[in-house]
Every structure is written in C-alpha cells, then in structure tokens.
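Here is the structure we will look at, set down as structure tokens.
The values are calculated or read from the model by the stated rules, or taken from the named source; none is laboratory data. Being a predicted model, the structure only gives us computed values, none of them experimental. Virtual Cβ from ideal backbone geometry, glycine too; neighbours counted across all protein chains shown. Calculation scope for accessible area: heavy atoms of the full protein, side chains included, ligands and nucleic acids excluded. Shrake-Rupley method; radii C 1.70, N 1.55, O 1.52, S 1.80 Å.
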Amino acid sequence: MPLANRWGAWRNRYLGRGQGANADDLPIDTEYALDPAHGFRGSLGITTQRIWLSDLPEGFRSFRILQLTDIHHSLFVPLSQVEAVVELSNRLKPDLIALTGDFVTYSRSSIEPVAEMLGALRARAGVVAVLGNHDFRVGADAVEKALRRHHIQVLRNRHRLLHQHGDKLYLAGVDDYGYGADLERAMRGIPEDAATILLAHNPRLLRAAACRGIGLMLSGHTHGGQVNLPLLGTVYGRSPEQMRFKKGWDRLGATQIYVSRGIGTIVLPLRWRCPAEVPLLELEPHRREEGRLPGRHVQRDDAFPSNVSALNIAAD
C-alpha cells in the first residue's frame, strides 16, 4: 500500500471514521439504511439495542424507538448534516422517534430552519421531544413553538399515552436539569406499576428516575465525550467507572438508561474516536417474576460495574 494510503487509513481509524453502521447490526435492508449517511460529514454510527422492559405490555413487543439528540444546528453543523440524519432515520422506519434536546447551540436564527428540517421525520406513533440546556439558553419557548409548528410534540414536565393493540405505554418528558425539570409533575397520573419511558436531556436525572421506578430513560448531553484521546480518554475521564452513565446502555437498580453520543458538536467542531450516533432501540417484555433483567444486547465490552455511588455529569 502506498505511504499516502497507509497514512489515510491510520488517520481514519483514529478519527473513528468507518466505524459507522454495522450491516450485521441492522434489522433492515442495509443498502437503503446506509445510503443517506453518505451525505453526513464524518462518521455516523447506527446502534441497535434490545431493551427488556419490566411489565411492558405484550402489544408493544418489538416496538422500535429511534433516538436523536444534541443536533446543535449551527455554523459547524449545517442543515445538510441534519438532512442526512433525517433521511436515514426515516429509512430505518421506527415506530416512534424521540428527540432528547439541544437542537441549537448559540443563535435564535438556527431555531426555525432545524425545526423545519426535523418536521420531515416520520414514525407511526409520531415524533416527541424534550429540550436541552442549550435550547433554554437560546430560547426555550421559541424552540418549543417552532417544533410544535412542525408537528413535533414537546413534553415539558408532562407525559403522553401510547396505544397499540389495545395496550398502553407511558412516555414522560421533563425540562432540562437545572432549567425546571419536574419529574413529579411529569409522572402525575401514571399508575405505579405501569411501564414508563422517560425522556430527559441530562442523564443526571437518572437517580430520581430510579427512585420513581421508571423502566427506561433516554438521554444525551454528554456527546459521549466527543473527543477521546489515546491514553487520556475524554473530558469525563477514561476508566469505565468515570464513563459510567456518560454513553451507551447502563442500569441503576431496575432503571435502564441509554445515553446517546448525539449528532452535533460543541466548543470544538470535531469528534475524535467518538462518532456521531443514531440509536435504534427495540423493546421486549420482561416480567418481574422472571428475575433479573437481561444485560446488554450489543456493545458488551462497554458494560460497567454496578456499584457506582454518584452521578457526576457536568452541565456544560
């Protein structure tokens, strides 16, 4: 191999390029799933994850939720990037699309264009959203109104009920940690033993979710560290203990969490060994009498110890 090609291959490996969607992990025709990602600048990973949810009604078996988070539309995350993600998401044909905040970064002028682009998302049970810390800094009400204009339901400390095959599944959403998150209000009216999914931008709310017995929480905010340097790791650290609840799947007690690496970037307009991510989560019923919940479905090397005592996630 010529020297220039060897250098290019080495550089791409360290940048995380080529570590996107794995055809073996995709439950659909990968020829269609992967095409739109070609319009995405950098690496874009599709993570498929099976979630065994306690007391999930049988009618929601194999219900698929696609999560998009931390889009951060700005000069460094143009609409062409968002368009590629929207097209890919639609081709994955999820049952529900969950947007977990930080649609913009700095400018109010970014709000309407990204909301309009996200309005092209399609899922049988609809598109729901919560707001992130950057949305509140730019203008939470403006972001909410723009999303609603484009038929995206925004859950601000409230919940909605999903119906399928005569069964019910509760979906709650809260404002961001430090910006008025009110889990008690969001959960008001949900039966104590009902299967519930919580959308919360910042994973720092996990402990409160676990205290309420919520089955699954979907978050973003951390970008998975965004920059993962050899030997040094990320801004959060490099050990499994330090990175716990900062990326991927984990569990605190009976409450499971998935923290997506997200789409966009902040501070630095780059990712290093931490590619953007589109998680596709498939729900499966688990009965409490069957004992301990099953563990990870994919990415088994990321499993973390279960004796962590604190959630330590910065509000950037």
Hey, got the Cα dimensions of the stretch 77-213 along the principal axes, in Å, largest first? 43, 36, 22
Return the whole-Å distance between the Cα centroid of the stretch 67-91 and the Cα centroid of the stretch 239-257. 25
For the stretch 179-232, what does the accessible surface come to per residue with a 1.4 Å probe? Please give it in Å². 41
At a probe size of 1.4 Å, how large is the accessible area of residue 62, to the nearest 10 Å²? 50
Can you list which of the GluC sites (Glu not before Pro) found in the stretch 123-204 are DSSP loop residues with at most 12 other C-beta atoms within 10 Å? 192
Quick check: Cα centre of the stretch 108-187 to Cα centre of the stretch 270-286, how many Å? 19
For residue 242 and residue 124, calculate 0.36 nm times their separation in residues minus their Cα-Cα distance, and state this gained length in nm to one decimal. 38.7 nm
Projected label distance in nm at residue 232 and residue 79, using a 7 Å step from Cα toward the beta-carbon: 3.7
For residue 270, put the label point 7 Å out on the Cα→Cβ axis and report which residues of the stretch 76-93 keep their amide N under 16 Å from it. 76-77
Mind listing the phi-derived Karplus ³J(HN,Hα) values for the stretch 89-94, rounded to whole Hz, using 6.51, -1.76 and 1.60 with θ = phi - 60°, and x for any glycine or proline? 4, 5, 6, 6, 6, x
Would you mind checking which residues have amide H under 5 Å from residue 53's amide H? H placed 1.01 Å from N; only 5 or more apart, or other chain. 284, 286
